[in-house]
Amino acid sequence: MLRMDIVTERRIKMTYKEFEMQVKTYLEENLGADVTVSTYTARKNNQTLCQGLLIEDASDGERFSASPVIYLDDFYRDLCNGSSFEEIAKTIYKLYRNAKQTGDFKLKDLTNFEELKEKIIYKLINLDMNKDLLDDIPYIPYLDLAIVFYCCIANTDEQTAGFLIHNSHLDLWGIQQNELYKYAHKNTCRLFPYSLQSVCATLNEMSENLTAPLSVMPEEDLLVLTNQSRIDGAACILYDNMLEKIAEVLQEDFYVIPSSIHELLILRKHLSPEEGGLSELITSVNQTTVLDTDILSSHPYYYDRNLHTLKCA
């Protein structure tokens, strides 16, 4: 997602591993004897690995089938940028408590599709960069991308929580992929309404410390398409008539620039650089600015408003 970071040089007080162990100790001391905290490595989008802490509560017995994982990368970055360990540890503790309240699903909840069908959503990821993952999960090809499915357990201002749906879940629930897509499409549009606005407006919303609004380009020269949570917002391109709505606003063909899995940039055709220029720009930004796990694609897409078609450019 679009971010503006100002990083000052600071002396890092502990390594990541030391930070991980101190957080683990803090949670073990404050969550009680029934709670076990262990290090956990998850395979995430684009074959990246993410480090976290898996928290299991023995007092739940077999009822609690979905244990929270707290990922630490962003918290360690906060530590390096000056936040105190005590402040970070308390935040992580609060996140776990909130996760227990919102995500405490009994086993029967996770095996009964009727209990989950209103929580099924979809996301967009790169197809080629996730071939191994796609062997194990239901997906629908979309150009050179893939529509994948999640169960969204929690969606609040403070946290989002859920799990990736695998082929084994379809067998467990006794449903087909087309039924999964039907619910995912309806729920994603409902739970994550789209946002389409200028880059300037987006930056103004995200930059709390600016004393004056940004105004570096005409209002509609470059638009940002995402959802109101600004998480996995690239999937908004799949919403009903979304491309047609954008074409109606711009009154011309346009390019879709895959900024990340979280948002897309919309550029008018007549403002596009020479052939190949957009791909070079996207590749450069992916290599220098976008986290590996957030990369969506390395080239733009072109929408023809007369043919109502989107294609790789």
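Throughout, read-outs are computed from the coordinates displayed, never taken from laboratory work. As the structure is a prediction and not an experimental result, all values here were calculated from the model. Every residue, glycine among them, receives a Cβ derived from its backbone with ideal geometry; neighbour counts consider all protein chains shown.
Brief remarks on what is shown
- When each of ASP221, ASP232 is scored by the number of other beta-carbon atoms lying within 10 Å, the sequence from fewest to most is ASP221, ASP232.
- Coil-residue GluC sites (Glu not before Pro) of the stretch 114-172, DSSP, other Cβ within 10 Å capped at 12: GLU158
- Hull-based mean projected area of the stretch 16-105, where the convex hull spans the alpha carbons, in square nanometres: 6.2 nm²
- Of all lysines in the structure, the ones whose alpha carbon falls short of 23 Å from that of LYS17, not counting any fewer than 8 places away in one chain, are LYS44, LYS90, LYS94.
- Distance between the 7 Å Cα→Cβ label points at GLU56 and TYR40: 1.0 nm.
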